[in-house]
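S.K.: My questions will all concern the structure given below.
We did not get these values from a lab; they are worked out from the coordinates using the rules stated. As the structure is a computational prediction, the values presented were derived from the model and not from experiment. We place every Cβ from the backbone using ideal geometry, glycine too, and count neighbours over all the protein chains shown.
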Number of protein chains: 2
Amino acid sequence: MALPTSVKLFEMAPRDGLQNEPGDPVPTATKIELIERLANAGIGHIEAASFVSPKWVPQMGDAAEVMRGLTREPSVVYSALTPNLKGLENALAVGVEEVAVFGAASEAFSQKNINCSIAESLARFEPVLKRAQEAGVRVRGYVSCVLGCPYEGDIVPSQVANVAKALYDMGCYEISLGDTIGVGTPLAAKRMIEATRQYVPIEHLAAHFHDTYGMALANLYAVLEEGVSVIDAATAGLGGCPYAKGASGNVATEDVLYLLAGLGIDTGINLQAIIDTGYWITGELGRKPSSKVALAKGRVSS
Amino acid sequence: MALPTSVKLFEMAPRDGLQNEPGDPVPTATKIELIERLANAGIGHIEAASFVSPKWVPQMGDAAEVMRGLTREPSVVYSALTPNLKGLENALAVGVEEVAVFGAASEAFSQKNINCSIAESLARFEPVLKRAQEAGVRVRGYVSCVLGCPYEGDIVPSQVANVAKALYDMGCYEISLGDTIGVGTPLAAKRMIEATRQYVPIEHLAAHFHDTYGMALANLYAVLEEGVSVIDAATAGLGGCPYAKGASGNVATEDVLYLLAGLGIDTGINLQAIIDTGYWITGELGRKPSSKVALAKGRVSS
């Protein structure tokens, strides 16, 4: 199959990247600077915050302050996770222009992660979708554990397809398919996409792969061959899943950009600016980027 | 295209993995234990030593002692790098049953790495091939810099194909195509294989990819789709190239085995035993394995 000619990169570092950061909350000013640096590097879609209870995710407790403090580029979409109606109202109050809901392809993971069944989670999203539509705000849908679950093991592709279909039919404009624990391999990733595209057009599917087992880029190449043209990634490979054992970070934006450039696929993003941003934010967090491209190329500016 | 049903994994840790190790030479007994552990884990092809001048590669100065000290499994092939006739004679004297010569697809790299042009290097290999044939010993041919050179940048696929053809026509039974500095991406890897298979049957081509930019597994998946069925890898991702700036280690055997298992491709190798061996050898070297699969799964025994 033909590779896409361009790819939309959805940047996850400020939300999926930071939400699990241990220790004191990252300062609001640092989060804002991160988001602004990412936008300046040419990233057009940034998940900037999560309007979830700070009891559950203390790192995201300043979501409203982050969204209010941000100098927004008109060409950039700043989205936020809104697990329920209260979160959505809080997000709308600070002018969030795109939101996201978060479901799972695994019953056990749904119970552990959001304390309800898959069906219950979908029912909870309905009023969120309805209210978002009234407000003229687009909703993205996440499906987690699409290539494996820490509690259930393998997940059959039809299960992923069913949850993706439900979210799409409910009105989500894009479905992001998450290999939350990074256990997938390329043929499994292809089969999962093949099953899901039966219900959701391929241009509305995004690949959200974690690199726990080092497979993320191989899996991305495999789903690019299927025609997937939206990729979630986090600068410096930040992130992980707080409720999934052994789930390390998102695939690094730097590595995805290097792969895409080698494939002749356009993103409009400045790789070196992302590398520099990755060195800066991981410096703030007291470590090095989890990106082989960043380590191989090195930083140019601070 | 169809993926191969089985893959021959050629283990590089004792030679390509250790040759560049800084500091004091790794003790001969440690090298021998490494090779024996790899064989016990089910690896059938191990590059065990390099019969090169210890002036150039001090870490390989005990090649003869390693080969003599080894308890050999009858089902395992233990090969050695022999850059010239003197190296070959030394290897034959200790009963090496397979040897390898090392050429480059880049003129500049050939000059810097082995101090001669590509044509001169090929001419030097001719007496090695002739003597090996007399001795009934198979010869493997390496081509380095097949996806990029630290001095020349991009390498055209036809240049790789020409060098591979010369080595194959000279009598090398298998041509291992090395992305020495790990800069390649999947389409470039595919094109390089497509050019080379015009002259060398696909079953005689091996992929030898380094993971400097994190692309090795994606590139391997791409060439598996081309039908390549021999993969070079080093347990714990050991290694690198002493004369190529920024060239980090080989792709980790652990990660390759995980990828292949996910693709349903048989190798007959015990992944957990390789993970444990990787933890053991990197412990001896004072670090952790460079393998995400090893880090995610953890060791079981010492």
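S.K.: Tell me, what ³J(HN,Hα) does each residue in the stretch A:31-46 have, in order and in whole Hz, if you take phi through Karplus 6.51 cos²θ - 1.76 cosθ + 1.60 with θ = phi - 60° and put x for Gly and Pro?
M.R.: For the stretch A:31-46, the Karplus curve yields 4, 5, 5, 4, 4, 5, 5, 4, 4, 5, 6, x, 6, x, 9, 10 Hz.
S.K.: What Rg and what Dmax come out for the stretch B:199-284 when only alpha-carbon atoms are used, in angstroms?
M.R.: 13.4, 43
S.K.: I would also like to ask the following. Measuring nothing but label to label, 7 Å from Cα along Cα→Cβ, what are B:ALA108's distances to the other copies in nm, shortest first?
M.R.: 5.4
S.K.: Based on the Cβ-Cβ distance of B:GLU126 and A:LYS165, what FRET efficiency does E = 1/(1 + (r/R0)^6) give at R0 = 45 Å, to the nearest 0.05?
M.R.: 0.10
S.K.: Find, among the residues of chain B, the one whose Cβ sits nearest the axis of the rotation taking B to A; state the distance in whole Å.
M.R.: Checking which Cβ lies nearest the axis yields B:ALA218, 2.
S.K.: With the contact rule set at Cα under 8 Å and sequence spacing of 6 or more, what percent relative contact order holds for the stretch B:8-297?
M.R.: Worked out over the stretch B:8-297, it gives 18 percent.
S.K.: Computed on alpha carbon atoms, what radius of gyration and Dmax characterise the protein assembly as shown, expressed in Å?
M.R.: Considering the protein assembly as shown through its Cα atoms, Rg and Dmax are 25.4, 83 Å.
S.K.: Compute the Rg/Rh shape ratio of chain A: radius of gyration over Kirkwood radius, all on alpha-carbon atoms.
M.R.: My calculation puts Rg/Rh at 0.93.
S.K.: Can you give the alpha-carbon Rg of the stretch A:88-232 over 2.2 N^0.38 Å, where N counts its residues?
M.R.: Ratio of Cα Rg to 2.2 N^0.38 Å: 1.01.
S.K.: Hey, rough spin-label estimate for A:ARG138 and B:ARG191, points 7 angstrom out along Cα→Cβ, what's it come to in nanometres?
M.R.: Inter-label distance under the simple model: 3.3 nm.
S.K.: Counting each pair of different Cα atoms once, what's the Kirkwood radius of the stretch B:156-248 in Å, rounded to one decimal?
M.R.: Result for the stretch B:156-248, one decimal place: 13.3 Å.
S.K.: Just tell me which lysines come within less than 27 Å, Cα to Cα, of B:LYS86; anything on the same chain fewer than 8 places away is out.
M.R.: Those lysines meeting the cut-off are B:LYS31, B:LYS55, B:LYS112, B:LYS130, B:LYS165.
S.K.: Between B:THR28 and B:TYR151, what is 0.36 nm times their sequence separation minus the Cα-Cα distance? Round to one decimal in nm.
M.R.: Full-extension gain reported as 40.9 nm.
S.K.: Would you mind getting me the FRET efficiency between B:ASN115 and A:SER75? Use the beta-carbon distance for r and R0 = 51 Å, nearest 0.05.
M.R.: 0.45
S.K.: Measuring label to label, 7 Å along Cα→Cβ, what does A:ARG124 give against each other copy in nm, shortest first?
M.R.: Those separations, rounded to one decimal, come out as 6.8 nm.
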